[in-house]
Amino acid sequence: MNTKKYKWIAGCLCALPLVVSAQQTEPLTDHRRLFDDGKELFLRHDYAAAQQTLMQYVKQNPQADTSDEVAYMLTCTAYELNASDRLEQLEKFLDTYPDSRHRNRVQALLASAYFFQEKYLETIATFKGCDLELLSNEERDVCTLRMATAYQKIGNLQEASMWFSILKEVSEKYHADAVYNLAYIDYVQKRYDEALAGFREVESDEHYRKLSPYYIADIYLIKGNYEQARRIAGVYAEAYPDEPNAVQMKRIAGEAAYGMKDYMQAVQNLEVYCSEVKNPDRKALYELGMSYAQIGVCSKAAARLGEVTTTQDALTQNAYLHMGLAYLQLKERNQARMAFEQASATNYDAAVKEQALYNYALCIHETSYSPFAESVTVFERFLNEYPHSAYADKVNDYLVEVYMNTRSYMAALKSIAKISQPGERILEAKQKLLFRLGTQAFAQAAFENAIECFSQSLQLGRYNQQTKADAYYWRGESKYRLEQYAAAAADFRQYLEFAQDKRTEEYGLALYNLGYTAFKQKQYSSAQTWFARCVQSGVSLQATVMADAYNRLGDCNFYARSFETAQQMYAKAAATDTSLGDYSLFQEAFVKGLQRNYTGKIQTLNQMITAYPSSQYLDDALYEQGRAFVQLEDSENAVKRYKLLVERFPDSPLSRKAANEIGLLYYQNDQYAAAIEAYKTVITKYPGSDEARLAQRDLRSIYIDLNKVDDYMAFATSIPGGANFDVNERDSLTYVAAERVYMRGNISEAQSSFTRYLQSFPEGAFSVDAHYYLGLIGYNQKNWTEATAHLNKVIEYPNNKFSGEAMSMCAVMAYDAKDYGRALELYKRMIDRAVSQEERLSAETGALRSAYLLNDGKEVIAVASALLAESKLAPELSNEAHYYRAKAFLEAGETKEALQDLTVLAKDTRNVYGAEAKYLVAQLYFNAGETAKAEKEVLEYIEVSTPHTYWLARGFILLSDVYVRLDRKLEAKQYLLSLQQNYQAEDDIAQMIESRLANLNKGE
């Protein structure tokens, strides 16, 4: 608007020549005719012709003495003709003729030249150096106008006003210009009455009839005279539809209509304005948004109000408040919540802040939104900031409800701790919060912390009986995980007493767990009672749990030698869940063997081997079949089964026994050559083992029977010392003495005795045993170097009775020393030779962690898959295996497989694996271009929340990226701002927020 006005003024001023006073001339002579003609043309303002004539004169008379006259006229023609070097010529004249009588006028011309080049500071300084009163009236007035305009341009409105005031009084020609500019200065300085009078004075002037109405209308708008503003804007827009100010008049008409509560007209005019202007006025955007709200178009209300929020000020605060109200009408409570949150975060308007904070709290309460503990903190904040608010009583009531339902357990407990005299409802909420905090700790495998929380909850047990019962149950689970079986049983019994519903899954599991607590303590009669109650309770439990209970019932009857009943229980287990059928069939077969039904035993084991070819009990089954054939005196089939076992499971401890049994069968059947070969195989293949000891004993007997003692001695001599069990008396006595000292608990003396034994018999028959005990002593004393040296000696003979424990201790030491390669190697060997599920689980867990830390993705996938195939796996170990395998799949680029594992983990965000997995699932969807799935996943994440807030914050960041991709930039910004205000940790999240907000602001 102003720019156009100044351009118009500048154009007018450029057209005004400076008038030169007439000069007295001398009588014409021939040699001065050119000079006189040039001067005459100059005085007639024919500057082009004058310049040409004067330059011809100078060319013909280079030595002519014309003082500064010719130079003056040529300098003036350069100015008037707008020569490119006119500034230089004007400055040169002033330098060359400092005493010229034309100096004052040339300096005025120089100031005007600066003015047209928009060098306003130079303009002012140059005008100040000359006396405007010495110029002609017309020149003086135009120079005064330029001086005033220059001051106005640099923002010195006081000086500008002074010069325009002078011009207004002395110049008829520029009177209207002065009035207009003085009115504009009054307008800028908010002296609206004076401005209005000025604009009114020149509104009919030819030059200002299209300019003044805008300011007149705007002043009426500012003064609240909406009718006048609207009328003037309407007339103008109709009269000058193509003028630049026409769109501004639409704004004025719209804002005036808004002031008159004519919201439909406000929308029509302001929409035209906002659509035609690149950067609409924020107040106009605000009123457009508010108008949409008034006519019920809430979606557009929220969108337009969102455009206002580019600057931190009162208007933005108000816009956020009404955005929130619009979103509430649209039932988009998440967006409403974020808008209210932003409105409540600033202090420009206390009333707006109070209303916004109250609505923010209500939205959080109604949506159960609390990713960063807002559900508690926002209500506390309201009561602290507005204790006497009309909303205070309602907020107090809501706070109690929040305590009862929040997922922000620690924040709620801290809040309750501030209440000096909590009532019963508050204490009941505290009881529940402590219980939930305990379950959260349990999910993270922090069992000690869980027990503490459950215990505190139980101290408040009188307020809610079901919570009390549940706390007993989960405290029992926690104690069971810590192998505190007696204490766990006590809690499970308390749960059964206080549980209000006897048909729940937890009730059935409590019975099941009581069975296990007794079973782990080898109290088989008690265990049988509890497992029986479990399967007879009628409670709906998973088939796996029921089948396992039947198996344990079978075990309990087995230990009680009630073989018939045990067999029935194993059969029920197999029928209940086929996934556990291999154990059931194996035990059923074993019972048949005890009942001397060896044929039935063999048949049942064949059934198991056929149905479960990958069973962990397969080596046991082959061995027991061999034993059954022995009982049937079918040596041929027994040897076949034993050989098959040795071939398929060479590292199994049962293979050592089977190999020994093969030799014994040959020996008993007088097949001496075959027996000798079999025994030699056992001795050389399993050196240091008990089986090798027995084989060497029997081998010696055979050679003696065959009278081939020399052959035996030759073979015995070839056996390494630690594997040779032919001992002399001194060797044996020295070792036995040391072992007895150890068994009495005199560790220091035992250590010395074992050391002396090895010094005396470095390759003695008991050297492996001595190395084991010295390694164990070093391990217990945390002398890792000493322990490793001795235990490695034990591992050299992997089939001795101590090798499993030695491998376990060496694996632990290697892992702790971050030698993950060595640890992985040992754990894998332990997996192959494990004889129980517990041993195998322990070894697989160690192997998994070692492979993960080695970044050996292939090994991680293999070990994790084996671990997850286990039938009875603790949830925390299952989570760990899924997580490591998912990471390995991602590293290998196998996204589909990774997503499957991550989806399993994401079901429980209480633990750190689930927290990260939930984010990664959404990120994978986003990377694949599935933005709808990514958005859904993050919104679910926000709803369920997590104690591991870093990954939730990453979810917020991702959600903003989703909305940017969907071109929903306002929502993207809202989530980032909400995160910025609520996430306080010092990590890389702040930088992520700042960079994204910067990008969003660039695009506004």
Notebook entry, point to check: Hey, rough spin-label estimate for residue 933 and residue 560, points 7 angstrom out along Cα→Cβ, what's it come to in nanometres?
Noted result: 5.3 nm
Margin query: In the range 399-419, whose amide N lies under 20 Å from the spot 7 Å out along Cα-to-Cβ of residue 990? List them in ranges.
Written below: none
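For a footprinting-style exposure proxy, rank 657, 601, 522 by other Cβ within 10 Å, fewest first.
Working: 657 22, 601 25, 522 9.
Going from sparsest to densest Cβ surroundings: 522, 657, 601.
Kindly give the semi-axes, whole Å and largest first, of the ellipsoid equivalent to the range 736-826, taking each as the square root of 5 times a Cα gyration tensor eigenvalue.
Details: eigenvalues 106, 41, 20 Å².
The equivalent ellipsoid of the range 736-826 has semi-axes of 23, 14, 10 Å.
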Next item on the list: For the range 728-785, divide the Cα radius of gyration by the Kirkwood radius and give the resulting Rg/Rh value with two decimals.
Entry: 0.96
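As an exercise, use a Förster radius of 41 Å and the Cβ-Cβ distance of residue 690 and residue 578 to find the FRET efficiency, rounded to the nearest 0.05. The partial results should precede the final answer.
Working: r = 37 Å, r/R0 = 0.90.
Working from the Cβ atoms, E equals 0.65.
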Checklist line | Of 973/1002; 250/300; 128/190, those spanning more than 24 Å from alpha-carbon to alpha-carbon | finding: 128/190
Item checked: Nitroxide proxy distance, nm - points 7 Å out along Cα→Cβ at residue 466 and residue 497 -> 2.2 nm
Checklist line | C-alpha long axis of helix 33-43 to longest principal axis of the chain, angle in ° | finding: 70 degrees
Margin query: Give me the one-decimal nm value for the distance between modelled label points at residue 40 and residue 410, 7 Å along each residue's Cα-to-Cβ direction.
Written below: 10.3 nm
Notebook entry, point to check: Once the other residues with Cβ under 13 Å from the Cβ of residue 898 are scored (Lys, Arg +1; Asp, Glu -1), what is the net sum?
Noted result: -2
Next item on the list: Excluding residues on the same chain fewer than 8 positions from residue 592, give the lysines whose Cα lies under 22 Å from its Cα.
Entry: 572, 601, 640, 657
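Quote the FRET efficiency, to the nearest 0.05, computed for residue 543 versus residue 277 with a Förster distance R0 of 56 Å and r equal to the Cβ-Cβ distance.
Values: r = 70 Å, r/R0 = 1.25.
E(calc), rounded to 0.05, equals 0.20.
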Item checked: Sites residue 636 and residue 894, calculated FRET efficiency, Cβ-Cβ separation with R0 51 Å, nearest 0.05 -> 0.55
Check: Can you give the calculated 222 nm mean residue ellipticity of the chain, where each DSSP H run of n ≥ 4 adds -39,500 (n - 2.57) and the sum is split over every residue, rounded to the nearest 500 deg cm²/dmol?
Finding: -24000 deg cm²/dmol
Check: For residue 839 and residue 732 in the same chain, what is the full-extension length gain: residue separation times 0.36 nm, less their Cα-Cα distance, in nm?
Finding: 35.3 nm
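Ratio of the chain's C-alpha Rg to 2.2 N^0.38 Å, to two decimals?
Values: Rg = 49.4 Å, N = 1004, 2.2 N^0.38 = 30.4 Å.
Ratio of Rg to 2.2 N^0.38 Å for the chain: 1.62.
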Check: Expressed as an acute angle from 0 to 90° and rounded to the nearest 10, what is the orientation of the C-alpha long axis of helix 949-965 relative to the principal long axis of the chain?
Finding: 50 degrees
Next item on the list: Mind checking which lysines have their Cα closer than 24 Å to the Cα of residue 394? Skip sequence neighbours fewer than 8 apart in that chain.
Entry: 331, 353, 414, 418, 430, 432
Next item on the list: Please check which bits of the range 568-593 a label hung off residue 536 would reach, taking the label as a point 7 Å along Cα-to-C-beta and the cut-off as backbone N under 20 Å.
Entry: 568-574, 576
Margin query: Compute the helix-to-body angle for 374-385: its Cα long axis versus the longest principal axis of the chain, expressed 0 to 90° and rounded to tens.
Written below: 50 degrees
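Take the Cα pairs of the range 906-1004, get the Kirkwood Rh, then feed it into Stokes-Einstein at 10 °C and 1.306 mPa s and tell me D in µm²/s. Let's see the in-between values first.
Numbers: Rh = 13.4 Å.
Reported coefficient: 119 µm²/s.
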Notebook entry, point to check: So, with +1 on the Cβ of K and R and -1 on the Cβ of D and E, and no other charges, what is the size of the charge dipole of the chain about its Cα centre, to the nearest 20 debye?
Noted result: 2600 debye
Notebook entry, point to check: Setting aside same-chain residues fewer than 8 positions from residue 278, which aspartates and glutamates have a Cα under 14 Å from its Cα?
Noted result: 307, 1004
Margin query: Just to be sure I understand the curve: with the Debye formula and one point per C-alpha of the range 390-520, what is log10 I(q)/I(0) at q = 0.19, 0.20 Å⁻¹?
Written below: -1.01, -1.08
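Each reported figure results from applying straightforward, stated rules to the coordinates on display, with no laboratory input. Note that this is a predicted model, so its numbers are computed, not measured. A quick note on method: Cβ atoms are made from the backbone with ideal geometry, for glycine too, and the neighbour counts reach across all protein chains shown.
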